[in-house]
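Read-outs throughout are calculated quantities, based only on the coordinates presented, and are distinct from any laboratory measurement. Note that the structure is a prediction, hence the values are computed from the model and not measured. Here the Cβ positions follow ideal geometry from the backbone for every residue, glycine too, while neighbour counts run over all protein chains shown.
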Amino acid sequence: MVKTANDAGQIEPLNLAKEGFPIHFIVNGGMELDLGNRVKLQVIDVPGHSVCSIAVYFPREYALFPSDSIGSLTEERILPMGSSNYDDFQESINKLSNVGAEIICLEHFGALTPPEGIEFCERVKKEAKDFRKEMIDTYKREADIELTIEELAKDFDCGLSKVGLLPEDLLKDILKRMVTFVNHIE
């Protein structure tokens, strides 16, 4: 939601903290919503990226909208983003791979249609497993959280920071949370 700030065409975001907005309906995982015209969607709890991540599946169209719960696809690779709990992240990927989706509508970077859409969850599972191992191995080798983050950030950055989609400080914060979790660092 935006509003025009002046006649020059500049827009200013709404101050939702001050103005607020009404909540008309709360969705939870396990709900099936009937949108009419034979269009139904299933809400799926998929924690891991965040504790409250949800995905939406349209069974009639075999279309899955996984939000950030399945990682981010770039031209070079899939970036696993299990920033709140990497175990939950991997379990959520397994859950989504069982819905039978053929079309994957990604959160920021387009959609995948068959055959890529059908194969995507298996690719994500492998990438998440491999990256977990890489985070553990790099931390064992470096024996320092900051050096580990620097090393992983070099490999993990696929140009998203340069175009403003994943600022370097946010990338490193996400990596730190994931490395800390998988290595049981307190």
Inset, instruction - Step through the residues of the range 145-155 one at a time and calculate ³J(HN,Hα) from phi using the Karplus curve (6.51 cos²θ - 1.76 cosθ + 1.60, θ = phi - 60°), rounding each to whole Hz and writing x for Gly and Pro. - result: 5, 5, 5, 4, 4, 4, 5, 5, 4, 4, 7
Inset, instruction - Determine, from the Cβ-Cβ distance of residue 31 and residue 74 and an R0 of 41 Å, the FRET efficiency 1/(1 + (r/R0)^6), rounded to the nearest 0.05. - result: 0.80
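Evaluate E = 1/(1 + (r/R0)^6) for residue 129 and residue 170, where r is the Cβ-Cβ distance and R0 equals 30 Å; express this FRET efficiency to the nearest 0.05. Could you put the intermediate results ahead of the total?
Values: r = 24 Å, r/R0 = 0.79.
The pair residue 129/residue 170 has a calculated efficiency of 0.80.
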Inset, instruction - Output ³J(HN,Hα) for the range 131-138: one whole-Hz value per residue in order, computed from phi by the Karplus curve 6.51 cos²θ - 1.76 cosθ + 1.60 with θ = phi - 60°, and x for Gly and Pro. - result: 6, 4, 4, 4, 5, 5, 5, 5
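If I take R0 = 41 Å and measure r between the Cβ atoms of residue 146 and residue 60 in this structure, what FRET efficiency does the formula 1/(1 + (r/R0)^6) give, to the nearest 0.05? Walk me through the numbers on the way to the answer.
On the way: r = 49 Å, r/R0 = 1.19.
That pair, residue 146 with residue 60, gives E of 0.25.
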Legend entry - For the range 105-121, 3J(HN,Hα) per residue [Karplus equation, 6.51 cos²θ - 1.76 cosθ + 1.60, θ = phi - 60°, Hz, x = Gly/Pro]: 9, 6, 5, 10, 10, x, 9, 10, 10, x, x, 4, x, 5, 7, 4, 4
Inset, instruction - Determine the dipole magnitude for the range 71-138: charges of +1 sit on the beta-carbon of Lys and Arg, -1 on that of Asp and Glu, nothing else is charged, the reference point is the Cα centre, and the result goes in debye to the nearest 20. - result: 140 debye
Legend entry - Spin-label model distance (nm) - residue 109 vs residue 185, 7 Å beyond Cα toward Cβ: 2.5 nm
